[in-house]
Structure formats: structure tokens, C-alpha cells
Amino acid sequence: MISPTSWRSCALTWPNPAGREPAAHFLRLMQKFLELDARLSQEVRVAERPGALRTVMAVLAHSGDSWLCLLALAVLYFFGPPGWRPLEVSMGIGIVVTAVVVLLIKFTVRRQRPEGDWGGIYRSTDPHSFPSGHAARVMMLAVLAFASGPPELGVLVLLWAFLVAFARVMMGVHYLSDVLAGMLMGMLMGLLILAL
């Protein structure tokens, strides 16, 4: 068993590859990860390639916009079955809370979006990319749909969530790590909302 004092000594004897300080080693690993992330994100990018795939990805990338999700929920609330109203309210609250948390993280991390021309509205109103608010939002909705609706709804919303998240990378407004972090955050937000 490791005692608190032996744990401190373990931390002090962290492996020091090639004479580098642990912090420098971590920064170097992080730089390699970010370079790989940028390269993979660039390889799947279709924003500058005209065609049907680009059009579909653009529609999917926009389909996870907050205002559009809230509008769809409002229409369902007023014109859909009354039994679904608690789910729609939970989803609406989840969208707002997730947006606040995402913005706090974005303005703390301040990772710039990948360069590009597509998505000017996102680039001008929110220049930061980490984590992806779209990925967080749609994954939070998927968690709530799985927990509160019929299984078919959960599967459809989850499929849509993956498509929206990766469309954001393919259209060049996010790096792959942005959407992966956003999806993880969305799962956690969904579980938190369910626990309340």
C-alpha cells in the first residue's frame, strides 16, 4: 500500500526522459497530439470541395444549432403529444445549461477554430472551438432521448448526434478533439440532467 509520503516521493521521481523536465515532456506530447488532431481533421475536411457530400455535411452541421433545436422543441411542445412535454422541457433546459457550460470552457481554453471560410456566423460570433457546443448539445439530447423516449427515438437522435458532430469537423469549424470532448461533455450533461 502506498502511503501519502511515499506517493509524494513517487511524484518527485517522475521519469525524466532524455533529461527533460516532466512539464516540458508533457508539453511536447501535447504538441504532437495537437498536430495529429489538426492533420486528421484536415484529411476529412470537405468544406472547400463542391458537391453533394459538402451540401449534406453543411446541412447536418447547421442542424445542431441551438436556436433550431429550441425552435423544434417549442413546436413539439405546443403541437405534439402532451405526454412528451416533460422530455421537451428537460431538453430545452439542457440546451441552455449546456450552452453556458460550453461557453465558460471555450473562453477559458480559447482554442482558435481551424482556418477556413465556411461557417462565418460561427467564426464571427464564437471564434473558439474547444469543446464543440454542437457536439455537446446533440449528445446531451441523445442521452435524454434514450433515457426518456422509446428506443427508436434514442437510436435516431444518437445517429443524428454523431452525424452533426463529425459534420462540424468535415466543414472545418472544429478539430476532431473538439467534437470528441463535446460529445463526452454532452453525455455527462445528459446524465446530470437525468439525475436532477
### Matching residues in region 90-123 - criterion: being among the aromatic types (Phe, Trp, Tyr) and under 15 Å from Asp178 (Cβ atoms)
Phe107, Tyr122
#### Entry: Out of Val46, Val102, sole residue that is outside any helix (DSSP H, G or I), of a type outside the set (S, T, N, Q) and touching a helix residue (DSSP H, G or I) at 6+ places or on another chain (Cβ under 7 Å)
Val46
### Query
Just wondering, is there one or more residues in region 85-100 that are over 20 Å from Ser132 (Cβ atoms), of a type in the set (A, V, I, L, M, F, W, C), modelled with pLDDT of 85 or more and surrounded by 16 or more Cβ atoms within 10 Å (Cβ to Cβ)?
yes
### Message
Quick check on region 28-43: of everything there that is over 17 Å from the mean Cα position of the chain (by Cα) and surrounded by 12 or more Cβ atoms within 10 Å (Cβ to Cβ), which residue is nearest to Leu158 (Cα to Cα)?
### Response
Gln42
### Query
Which residue pairs have Cβ atoms closer than 7 Å, lie 6 or more positions apart in sequence or on different chains, and pair a first residue in region 115-130 that is part of a helix (DSSP H, G or I) and buried (at least 16 other Cβ atoms within 10 Å of the Cβ) with a second residue that is modelled with pLDDT of 80 or more and not polar (S, T, N, Q)?
Tyr122/Val173; Arg123/Arg113
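The values are calculated or read from the model by the stated rules, or taken from the named source; none is laboratory data. These numbers come from a predicted model, not from an experiment. Note that we place each Cβ from the backbone using ideal geometry, even for glycine, and neighbour counts take in every protein chain shown.
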